[in-house]
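The values are calculated or read from the model by the stated rules, or taken from the named source; none is laboratory data. Note that the structure is predicted; figures quoted are calculated from it, not measured. Here the Cβ positions follow ideal geometry from the backbone for every residue, glycine too, while neighbour counts run over all protein chains shown. The accessibility values were calculated without ligands, DNA or RNA, using every heavy atom of the protein model including side chains. Shrake-Rupley method; radii C 1.70, N 1.55, O 1.52, S 1.80 Å.
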Amino acid sequence: MSFRSILQDMRGEFGSMSRKGFDIKFGYGMRSRSHRVVQDSSFMPVDAFKQSCWANMPPELLRDVLIRIEASETTWPSLKNVVACAGVCRNWREIMKEIVKTLEDSGKLTFPISLKQPGPRDSLLQCYIKRNRSNQTYYLYLGLNQASNDDGKFLLAARRCRRPTCTDYIISLNFGDVSRGSSTYIGKLRSNFLGTKFTIYDAQPPNSGAKVAKCRSTRIVNMKQVSPRVPAGNCPVAHVSYELNVLGSRGPRRMQCVMDAIPVSSIEPGGVAPTQTEFLHTKLDSFPSLPFFRSKSTRTENFQSGPLAGYKDEMLVLRNKAPRWHEQLQCWCLNFNGRVTVASVKNFQLVASAENGVGRQEHENVVLQFGKVGKDVFTMDYQYPISAFQAFAICLSSFDTKIACE
């Protein structure tokens with residue numbers, strides 16, 4: 001009996017009562033694991049689950065079956081079977097959480113939390129961004145076919161919000177609901193008035209020493225109380241700055257990214273980058289007695305220390321790789337290995353800055369590359385130590401209007 005037929009038999013056993021638990025999409029309609037389990041449990045009565053043959057399976061055998069299913073599914077869309085198993089019940093979910101490795105170790109984007117984890121170490125994860133000019137939205141997809149950017153797995157969405165003194169890019173897990181009050185809101189990018197300096201905010205602390213920015217919107221959004229499952233707080237995790245070009249000289253933009261939440265030692269051999277393993281609001285399931293909203297003093301007292309409080313190293317600094325001038329083509333050139341096909345001032349490659357004191361090999365490795373391939377289509381490839389969320393936010397900064405940088 002093949003693993004695929006086992007999974008089909010599982011679906012047949014639960015029937016329509018658990019149908020919604022299996023029909024899960026990675027972006028639109030897909031929530032955090034705890035939220036999904038709570039919702040799915042209402043579609044499966046206890047009696048129905050007890051009558052299923054899977055309920056009486058010995059734990060060791062069940063774990064072995066789930067391990068084999070996880071090992072047999074390596075890419076999307078087949079990985080939805082792994083997500084479906086995690087949505088059956090709390091017991092299955094805990095087993096799948098132990099089985100599924102982090103993105104850094106497995107190289108697979110399985111659960112939504114993978115978008116907050118550092119990418120793989122040895123290769124660039126190939127994604128692409130589609131821009132919708134009509135409603136100022138941007139969509140991040142995981143590339144499934146290297147020959148085309150028309151077929152991909154939705155990962156993140158962002159919406160541009162203009163304000164009198166700045167511009168915000170709201171980032172969400174939901175394709176159709178990109179708002180600050182959504183339960184799928186995970187962070188934002190904010191620029192200054194000139195569009196030369198940006199701050200990336202995470203909706204939850206990336207580590208125990210992260211600093212939460214005080215903001216009225218963490219408790220009230222549009223004069224309405226936020227859902228208790230919306231993570232409260234904006235934690236600055238990175239700062240992006242573009243060098244001013246007051247003389248108007250021709251050439252590519254110069255940018256620098258200071259990763260507040262990543263130590264410089266993470267890119268050295270044996271280094272470790274902070275890795276989130278679950279969304280902040282999943283802890284509410286284990287501690288239901290905790291108040292949903294605390295006072296300002298108690299809400300921030302655990303995060304008073306600055307970023308990287310748990311690390312003794314300096315913060316990682318990324319700079320754009322300097323292009324070379326091509327005499328025959330009469331343009332600035334970078335080697336994107338065929339991933340970029342259209343010349344644009346937005347194109348860039350980020351590497352570790354020499355001021356970090358890293359070796360030559362670490363300085364040459366491309367951490368993030370972004371480039372244009374069509375009218376409103378851009379490739380985004382990233383790897384360890386940054387996450388998909390951080391890479392997406394950095395790329396969004398390249399879309400913003402820069403008055404004094406062109």
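Each of LEU125, ASN135, LEU156 was scored by the projection of its Cα onto the charge dipole of the range 116-157, and the greatest displacement toward the positive side belongs to ASN135; charges sit on the C-beta of Lys, Arg, Asp and Glu.
Filter the cross-link list LYS101/LYS197; LYS197/LYS372; LYS153/LYS197; LYS108/LYS130 down to pairs whose alpha-carbon distance in this structure exceeds 25 Å. Distance filter (> 25 Å) returns LYS101/LYS197; LYS153/LYS197. Our estimate of slack between HIS239 and ARG253, defined as 0.36 nm per intervening residue step minus the Cα-Cα distance, is 3.4 nm. Per residue, the range 85-155 exposes 42 Å² of solvent-accessible protein surface, assessed with a 1.4 angstrom probe and all protein chains in place. Applying 1/(1 + (r/R0)^6) with R0 = 45 Å to the Cβ-Cβ distance of ALA322 and MET57 gives a FRET efficiency near 0.15.
Our compactness index for the range 52-127, the C-alpha radius of gyration over the empirical 2.2 N^0.38 Å, is 1.17.
The separation of the range 138-195 from the range 341-355, counted between C-alpha centres, amounts to 21 Å.
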